[in-house]
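What follows draws every value from the coordinates through simple rules; no lab data is involved. Note that the structure is a prediction, hence the values are computed from the model and not measured. Using ideal geometry, Cβ is built from the backbone for each residue, glycine included, and neighbour counts are taken over all protein chains shown.
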């Protein structure tokens with residue numbers, strides 16, 4: 001006999017471009033039920049109408065995340081909001097002992113330390129991923145492997161002009177993975193660069209330069225360029241549309257109950 005239980009899901013940031021795509025995915029997934037849509041705009045409006053979808057029921061947008069969780073008894077909250085509010089959202093949700101999947105970026109190590117503390121304190125599971133595109137995770141993993149053979153690397157990340165944080169979480173995570181993977185040279189090569197325009201060489205993590213591009217028409221793209229003697233290696237991933245993130249989000253939602261505390265990075269639950 002089929003298990004008829006559906007995971008009850010609340011989407012925080014439901015009216016954003018990613019939020020709307022996630023809401024559609026949840027509605028169309030047989031094993032999920034969209035029980036709440038939270039956002040600071042379009043309050044009181046029906047999410048189905050905003051999505052252009054027909055439904056026998058109406059689901060009104062609320063700006064009170066905790067009220068939605070307590071009223072709807074959600075299993076999982078999916079958060080795609082913005083770096084300015086995500087930490088407050090996480091603390092609120094974990095206090096209710098509700099599991100969370102977070103795609104909002106902009107976390108630093110101090111933030112992750114706080115989230116880990118909350119998750120342990122409230123015995124709750126939370127997955128935070130810099131990127132939910134399966135191909136992007138593979139790009140990062142391939143970069144980790146390539147770093148063992150190339151001493152130099154630079155990262156170019158490109159996103160739509162509405163992305164608030166720079167560099168992207170994916171770029172930072174990739175740089176960290178490269179830095180951890182490669183053998184550090186015994187002596188640093190001292191090369192002097194003259195920046196005629198400040199920032200021309202981009203940001204820097206360890207000695208890896210990261211360049212951020214923000215333009216209309218883009219979604220999410222990243223290229224990692226490795227340099228070696230007489231050769232270069234380029235590893236690139238492109239998200240052409242926001243549907244590219246849905247398989248990774250579903251993977252996280254389906255596994256969240258079996259996780260413990262904070263899990264950072266989709267690679268932690270992928271068999272790669």
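If the chain between residue 31 and residue 161 were fully stretched, how many nm would it gain, using 0.36 nm times the residue separation less the Cα-Cα distance? Please report the intermediate quantities before stating the final value.
On the way: separation 130, 0.36 × 130 = 46.80 nm, distance 3.41 nm.
The residue 31-residue 161 span can extend by a further 43.4 nm.
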Taking the DSSP beta bridges in the range 134-239 as the whole, what percent of them are antiparallel, to the nearest 5? 75 percent
Per-residue ellipticity at 222 nm for the chain, helices alone: DSSP H runs ≥ 4 residues times -39500 (n - 2.57), over residue total, nearest 500 deg cm²/dmol? -9000 deg cm²/dmol
What whole-number distance in Å separates the alpha-carbon centres of the range 55-98 and the range 237-272? 19 Å
Helix 134-146: angle to the longest alpha-carbon principal axis of the chain, degrees 0 to 90, nearest 10? 20 degrees
Using 0.36 nm per residue of separation minus the Cα-Cα distance, give me the extension gain between residue 113 and residue 240 in nm, one decimal. 42.4 nm
Taking the chain and dividing mean pair separation by its residue count, relative contact order in percent (alpha carbons under 8 Å, at least six apart): 19 percent
The chain - share of DSSP beta bridges that are antiparallel (%, nearest 5): 45 percent
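What percent antiparallel are the DSSP beta bridges of the range 71-212, to the nearest 5?
Details: 3 of 14 bridges.
Roughly 20 percent of the DSSP beta bridges within the range 71-212 come out antiparallel.
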What shape does the range 134-239 take by its C-alpha gyration tensor, where a ≥ b ≥ c are the square roots of the eigenvalues and a/c under 1.5 counts as rounded, a/b above b/c as prolate, and the rest as oblate? oblate
For the pair residue 213/residue 232, report the inter-label distance in nm, with labels modelled 7 Å from Cα in the Cβ direction. 1.3 nm
